[in-house]
Amino acid sequence: MNITKRVSKPRVLISEQDLQRRVTELAKEIDSDYADTTRLVAIGVLKGSVFFMVDLLKQVHVPVQVDFFQTSSYGEGTSPGEVRIRKDIDLSIRGADVLLIEDIVDTGFTLRTILDLLRFRGARSVKLCALLDKVSRRQVEVPIDYRGFEIDDHFVIGYGLDLADYYRNLPYIGIYEGDT
Ligand code: IMP
């Protein structure tokens, strides 16, 4: 399968400039909300959150530890609601303020599972920062504390979001219009 040949240039949904502007706004909010934290741990969900997380955390100035989860990804034969943790975090989060960072909230199953797990492990607080919110697709409720953009129900790629691991390195969010 050669996906790269199917779509030469995806339609831009959110430009690089708009992404960077919003990332800066979110970082400012996070900095001010966590000004008095005694321990902040930012946890990204691999692999989609990486591009967003790097840009965001470079603009956060409160001391922050960084860790990652990896869950079973979209379209790999999992049934809805069944989320597998493939890579667990390495840090203990007991007593810490946890900021979970995700690329997109779709049905909400992935984040619901991770949020429950983080609370179970004794985090002092758990907040969610998601770049994109496909709100019309939601099946389980997930409170988003820091939301980049609400988007319609498109299959989007770029800025970390992939199709078969391609397109993550696009600097903008595009709409994939080929077959998925
Ligand atoms: P959820 O558990 O249904 O909320 O799915 C979240 C995960 O599905 C995200 O972290 C993405 O990996 C993937 N996903 C959902 N929508 C898209 C999309 O439009 N493009 C690429 N990946 C997506």
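Close contacts from the stretch 46-59, counting a first residue that is farther than 10 Å from Leu161 by Cβ and of a type in the set (Val, Ile, Thr) and a second that is away from the ligand (no atom under 11 Å from the Cβ) and outside any helix (DSSP H, G or I), with Cβ to Cβ under 8 Å and a gap of 6+ residues or different chains, come to none at all.
Annotation note: Cβ proximity below 8 Å between a residue of the stretch 6-22 that is of a type in the set (Lys, Arg) and a residue that is at pLDDT below 95 (sequence gap 6+ or interchain) occurs for Arg6/Gly178; Arg6/Asp179; Arg11/Glu177. Could you list all residues from the stretch 135-178 that are away from the ligand (no atom under 12 Å from the Cβ), aromatic (Phe, Trp, Tyr) and outside any loop (DSSP other than H, G, I, E, B)? Matches in the stretch 135-178: Tyr146, Phe149.
Residue-wise test of (1) surrounded by 17 or more Cβ atoms within 10 Å (Cβ to Cβ); (2) within 14 Å of Gly48 (Cα to Cα).
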site	(1), (2)
Lys134	yes, no
Tyr146	yes, no
Glu150	no, no
His154	no, no
Gly158	yes, yes
Asn169	no, yes
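In the set Arg11, Arg21, only one residue is among the basic types (Lys, Arg) and away from the ligand (no atom under 16 Å from the Cβ); that residue is Arg21.
Pairs please, first residue from the stretch 107-125 and within 16 Å of the ligand (Cβ to nearest atom), second anywhere and in a helix (DSSP H, G or I), Cβ atoms under 6 Å, 6+ apart in sequence or on different chains. Correct list of pairs: Thr107/Arg137. Screening the stretch 38-60 for residues that are within 13 Å of the ligand (Cβ to nearest atom) and assigned to a helix (DSSP H, G or I) and picking the one that is nearest to Asp97 (Cα to Cα) gives Met53.
Scoring Val64 on the criteria (1) more than 11 Å from the ligand (Cβ to nearest atom); (2) β-branched (Val, Ile, Thr); (3) at pLDDT below 95 leaves a single failure, condition (3).
Of all residues in the stretch 16-45, those being surrounded by 13 or more Cβ atoms within 10 Å (Cβ to Cβ) and more than 22 Å from Ile144 (Cα to Cα) number 1.
Could you list, in sequence order, all residues of the stretch 89-118 that are in contact with a helix residue (DSSP H, G or I) (Cβ under 9 Å, 6 or more places away or on another chain), part of a loop (DSSP other than H, G, I, E, B) and not small (Gly, Ala, Ser)? Those that are in contact with a helix residue (DSSP H, G or I) (Cβ under 9 Å, 6 or more places away or on another chain), part of a loop (DSSP other than H, G, I, E, B) and not small (Gly, Ala, Ser): Ile89, Ile93, Asp106, Thr107. Check the stretch 83-90 and report whether any residue there is under 29 Å from Arg21 (Cβ atoms) and surrounded by 12 or more Cβ atoms within 10 Å (Cβ to Cβ). The answer is no, given that none of the residues of the stretch 83-90 is under 29 Å from Arg21 (Cβ atoms) and surrounded by 12 or more Cβ atoms within 10 Å (Cβ to Cβ).
The values are calculated or read from the model by the stated rules, or taken from the named source; none is laboratory data. All values reported here derive from a predicted model rather than from experimental measurement. Cβ atoms come from the backbone with ideal geometry, glycine included; neighbour counts cover every protein chain shown.
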